[in-house]
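> Would you mind keeping the following structure in view while I ask a few things?
The values are calculated or read from the model by the stated rules, or taken from the named source; none is laboratory data. Here the structure is a predicted model, which is why all the values come from computation and not from measurement. Positions of Cβ are generated from backbone atoms using ideal geometry, with glycine treated the same way; all protein chains shown enter the neighbour counts. Quick note on the areas: whole protein, heavy atoms, side chains included, nothing else; ligands and nucleic acids left out. Shrake-Rupley method; radii C 1.70, N 1.55, O 1.52, S 1.80 Å.
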Amino acid sequence: LLLGLFACAGLSALLTVRPTFLSCATIRFGAGVGFAIIFASLLVKCIFLISLNSGVYLPAPYQALLLFFAVLIQVTIDVQWLMTSPPAIHFLATSESPYISRLIFTSDAVRFSIQVCKTSFSDLRMSMIYIDLLIIIVAILAIKSRGIRDNYREATFIGLAVALVIPIWLGWSLIGMAVHEKHKDACLAFALLGTSIIVFLVMFMPKGRQLAAMGREDMFVEDRDERFSASSRAGSGYSPSF
């Protein structure tokens with residue numbers, strides 16, 4: 001999960017540098033794969049918690065294979081896209097003077113052009129349909145497992161993270177279709193950075209408070225009376241996922 005978060009944050013920074021053939025290819029491939037790692041990890045966590053609550057412990061190799069094949073689907077999509085439509089760079093004419101530009105002399109005026117990756121926003125969104133499917137599946141599983149208190153309500157935090165991410169995805173998808181071509185990279189950067197920040201804050205920040213609340217029995221104080229609650233049939237306390 002941290003790998004996916006760092007990848008998305010790094011790609012959002014890569015969108016601010018001057019486009020090159022390599023950077024365009026990296027963004028096209030890495031954006032989908034980074035999102036896939038994040039939501040596939042949350043998917044594996046949900047499946048692990050549901051199975052743990054039913055009394056079945058999924059071994060680490062099974063979780064690793066599930067995560068691998070969930071991410072491999074998006075890898076295949078992006079590789080196929082790069083092979084059929086290789087990345088390229090083109091100059092977008094504009095009347096403003098950008099930081100990175102070259103002059104275009106016309107008969108009536110001097111215009112500027114900005115250097116952008118030749119990637120259609122609609123093609124970019126089409127390549128992430130599988131990510132949309134992962135988000136929907138994780139949301140459904142999070143709702144199904146909302147009452148599970150194993151792993152100290154981790155299922156609740158997963159549901160909260162997905163609930164906050166969905167508006168971000170709706171926002172950048174709709175705005176990216178409406179804005180000018182030169183602003184579409186900003187929409188993708190918003191999706192990458194916003195998703196990584198939200199998931200990190202929701203999934204990892206509560207750990208500090210929980211660790212501070214741990215008692216002598218290595219159990220969170222607020223969960224001592226709920227260890228054998230009816231909502232968690234297995235009463236397993238904390239069990240690390242892959």
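> Could you calculate the FRET efficiency of T16 with S120 from 1/(1 + (r/R0)^6), where r is the beta carbon distance between them and R0 is 25 Å, rounded to 0.05? Write out the running numbers ahead of the final one.
On the way: r = 21 Å, r/R0 = 0.83.
Efficiency, rounded to the nearest 0.05: 0.75.
> Ignoring everything but the protein chains, give the 1.4 Å probe accessible area of L65 in square angstrom, nearest 10.
100
> Going Cα to Cα from K144, which lysines come in below 28 Å? Please leave out same-chain ones fewer than 8 positions away.
Partners found: K45, K207.
> Now a separate question. Which value, in Å² and to the nearest 10, is the accessible area of K144 when all protein chains are kept and the probe is 1.4 Å?
Only protein atoms counted, so the area is about 150 Å².
> Okay, next question. Compute the FRET efficiency between L164 and S85 as 1/(1 + (r/R0)^6), taking r as their Cβ-Cβ distance and R0 = 35 Å, and round to the nearest 0.05. Provide the component values of the computation, followed by the final result.
Details: r = 33 Å, r/R0 = 0.94.
Rounded to the nearest 0.05, the efficiency is 0.60.
> In addition: Report, to the nearest whole %, how much of the accessible area of segment 18-97 belongs to carbon and sulfur atoms, 1.4 Å probe, protein only.
Details: 2780 of 3720 Å².
Ligands and nucleic acids excluded, carbon and sulfur give 75 percent.
> Now, a different point. If you average the C-alpha positions of segment 1-29 and of segment 40-95 separately, how far apart do those two centres end up, in angstrom?
16
> Rounded to the nearest 0.05, what FRET efficiency do L174 and F68 have when you use their Cβ-Cβ distance and R0 = 35 Å? Before the final figure, lay out each step's value.
Details: r = 33 Å, r/R0 = 0.93.
For L174 and F68, the calculated efficiency is 0.60.
> Another question about this same structure. Rounded if a/c is under 1.5, else prolate if a/b is larger than b/c, else oblate: which is segment 160-201, with a ≥ b ≥ c the root eigenvalues of its Cα gyration tensor? Walk me through the intermediate numbers first.
Numbers: a/c = 5.49, a/b = 1.94, b/c = 2.83.
Judged from the Cα gyration tensor, segment 160-201 comes out oblate (a/c at least 1.5, b/c at or above a/b).
> Check cross-link reach from K182 to the lysines: straight Cα distance under 30 Å, and skip same-chain residues fewer than eight apart.
Within the straight-line cut-off, K182 pairs with K118.
> What is the distance, in nm, between label points placed 7 Å from the Cα along the Cα-to-Cβ direction at L2 and at T26?
The answer from the label model is 2.2 nm.
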